[in-house]
1. In segment 252-275, how many are part of a helix (DSSP H, G or I) and within 24 Å of the chain's Cα centre (by Cα)?
2. Going by the conditions given, is residue 401 more than 30 Å from residue 529 (Cα to Cα) and at pLDDT 95 or above?
3. Within segment 668-677, does at least one residue satisfy the condition of being surrounded by fewer than 16 Cβ atoms within 10 Å (Cβ to Cβ) and either touching a helix residue (DSSP H, G or I) at 6+ places or on another chain (Cβ under 8 Å) or under 24 Å from residue 273 (Cα atoms) (or both)?
4. Yes or no: segment 243-259 includes at least one residue that is more than 22 Å from residue 678 (Cβ to Cβ), touching a residue at least 12 places away in the same chain (Cβ under 8 Å) and touching a helix residue (DSSP H, G or I) at 6+ places or on another chain (Cβ under 9 Å).
5. Being touching a helix residue (DSSP H, G or I) at 6+ places or on another chain (Cβ under 7 Å), farther than 30 Å from residue 674 by Cα and modelled with pLDDT of 95 or more: is that true of residue 197 here?
6. Out of 202, 176, report the one residue that is surrounded by 19 or more Cβ atoms within 10 Å (Cβ to Cβ) and modelled with pLDDT under 95.
7. Test of understanding: among 802, 784, which residue is in contact with a strand residue (DSSP E or B) (Cβ under 9 Å, 6 or more places away or on another chain) and within 22 Å of residue 535 (Cβ to Cβ)?
8. Which residue is farthest from the chain's Cα centre (by Cα), if the candidates are limited to segment 382-407 and must be assigned to a loop (DSSP other than H, G, I, E, B) and surrounded by fewer than 20 Cβ atoms within 10 Å (Cβ to Cβ)?
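The values are calculated or read from the model by the stated rules, or taken from the named source; none is laboratory data. Note that this is a predicted model, so its numbers are computed, not measured. Cβ coordinates were reconstructed from backbone atoms using ideal geometry, including for glycine residues, and neighbour counts include every protein chain displayed.
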């Protein structure tokens, strides 16, 4: 048994704060007092709750402790809040072990040692604030004065620690640097990269003594072809490259990319699907691009770009700090303000803002501080010159490498009037997701949630709403006073927007009293979907949908009235766009640089909304008419846990690569799509189709490099055949025993949240008593990125999740040694999926071939989480008694595949199996 840190005579414990502490896990609760001879004792949940209600207790991650105790209203002195105040923008895994490592304290040997650690960590953090060399001191005293008024639990303890500065501290908005305007960048030089120079650059990036990877060198040479001069208009160089896990594709394409930017003066965009890969690219790119020294005003060569909704909006933050947020959300605003002063780029979603910070406050406060609704006033904002979003946009125009996501690249290509923001040399990493990203980007959805956002953008806040969301008339007040035509268009747009759904629309529809033509349309959608539901009530907690065909008269009448209302809004917005263009051309006296920038921003925002309205109008216009073979239309009622939250009409392209080819590929000069799972078992036909190249009659270059990993000796696939499908008790029992046999390190993947929650609820306590922590998406009040950080940090932890964990999770080493899928990941039988499978070419296997390609891709992506380095070893388990052999090509060639009982799987995972006995049962993947 490990000796607690406070009882080891050879290792004196660090000082502990004289406050009681509580810790709760699935295996129990522990409370440590502050009496004359303090000790930690095991307590029941009730006693822990009473203690927390009696006096503020030290705890780590209060929402998680609350869920463990079953007491949602729990509050206390949360060490994570104190850490966020003392060390803003500094990473920490939000676990006892992670906190100990971040503060240089002894790791707790077990749950019973955690309360002492909390006392020691609190003392260490408070001592930091009194130290002369505290690097994040600036702004702390001023922030604390505001948080004292808000009665932040830590404020009293910090008051005696943080000395009042001799000089007034710079407030956040004066501390942030301003961005500078830059002239238009010249076109890149037309060059052709020398293969030997590419290999030399790759050798420089990998470093002396690096492992020789022939596949990586071949990949780099192939990737270089995308940078050759274009042969003709609408004829980009397209390279499709499958690079198995471990090939080193990141440096493989950064080598020619960095060489090309150096020689041509151009910009390369690297597009990803996951934020995890963006973070990796930020680190890896430092090898390929010369970074300016700290404090330099030189433009950064590498810029990470995301959608506006990812960044902190300084105007929203100012509103929140000045009374827009009250209570606990106001404390969150002050902690975010502390972070903003030290953030690298203001990225709140996947950047250096701790992912766990927002979850501590149990509300969507983080989202309220971003530009979620696209209501930016641009140059009309007092913080415009310091704006994180504008700084990133301008920096990307000057950068050598821009790291973005698939959706942003497609949106920039579609809407980008600014040539500097339009990508022409693009690397699509995680290229197997380009199809899905295009499907989402180029689809249309006329729903209640979308319509009310449009209303708020036009009209501004209503009722008791606060903040600067002021609507078109306030945003363009000077235009209205100068230009009569513009003023009339603004007034007409506002009047038309009154007919869109307003606050309380969902309740009115539920009560049968919709207000306005669009709400009446949504009510008709709801009624139609419910009337056509064939689930018999078995899907009461989940969304429903029906095809937009054979609609009755009342539904079509509601659609016609809604179409007219939307057209009445679209027309004045179009006229307003023309008036704004005229004002810019005329250049009145009041049109200085700031006003011009604001009008340009307004023009872009209005164009976005008119395009949105045009898509909705086109969708409504074809209801009741002949089906358009290029589109799939349907009606949907969105529900979660039995609660309706949205409804509306949807339209997607049958083949979203058609608009992708026109908008993204045609203007581009070179495109590389790469992934470890680009092809279906080596068959390139699907990859070519889903690249969009055929739509431009472009023949892509094809390249494949096998993974250097020894899969026959590093991995096994075990198909367990005796866990009955639909038996939750048996499924939970199988998961528990598999996690126990592996000793943790398990990633469990589910196709349904309902089953995930049921399994977690049955096994979490059992595993915790064995010292095997279990975490889960949709259960623990922790964001997905932080869950992965926790999982990566503890080899005995296991993590249950859904699709978000099937791809893009990089956990090498002992922390992940077993992947378990609860069943074959069959496609969801949606209307869109049905239309695409029915349209699948017969020569590609028809409907079944379409489904099989999707399943194999999901299996390959999930298997790819298992072996991330040459030293990794592990098992991949599928709990399915009916696993078709035709799906085995999803796994790397030579990987042993065995159909076994659960008992045999447990023996193999625990290392007790006699390999000779099972040798005859091996069914290696083709």
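1. 3
2. Answer is yes for this residue.
3. Just the residues of segment 668-677 that are surrounded by fewer than 16 Cβ atoms within 10 Å (Cβ to Cβ), to begin with: none.
No: segment 668-677 contains no residue that is surrounded by fewer than 16 Cβ atoms within 10 Å (Cβ to Cβ) and either touching a helix residue (DSSP H, G or I) at 6+ places or on another chain (Cβ under 8 Å) or under 24 Å from residue 273 (Cα atoms) (or both).
4. Initially, segment 243-259 is screened for residues more than 22 Å from residue 678 (Cβ to Cβ), giving 258-259.
Of the ones still in play, those that are also touching a residue at least 12 places away in the same chain (Cβ under 8 Å) are 258-259.
Adding the requirement that they be touching a helix residue (DSSP H, G or I) at 6+ places or on another chain (Cβ under 9 Å) leaves 258-259.
The answer is yes; a qualifying residue exists.
5. On the way: touching a helix residue (DSSP H, G or I) at 6+ places or on another chain (Cβ under 7 Å): yes; farther than 30 Å from residue 674 by Cα: no; modelled with pLDDT of 95 or more: yes.
Spelling it out, it is not the case that residue 197 is touching a helix residue (DSSP H, G or I) at 6+ places or on another chain (Cβ under 7 Å), farther than 30 Å from residue 674 by Cα and modelled with pLDDT of 95 or more.
6. On the way: 202 fails: modelled with pLDDT under 95.
That would be 176, the only listed residue that is surrounded by 19 or more Cβ atoms within 10 Å (Cβ to Cβ) and modelled with pLDDT under 95.
7. Working: 784 fails: within 22 Å of residue 535 (Cβ to Cβ).
When all the criteria are applied, what remains is 802.
8. It comes out as 382.
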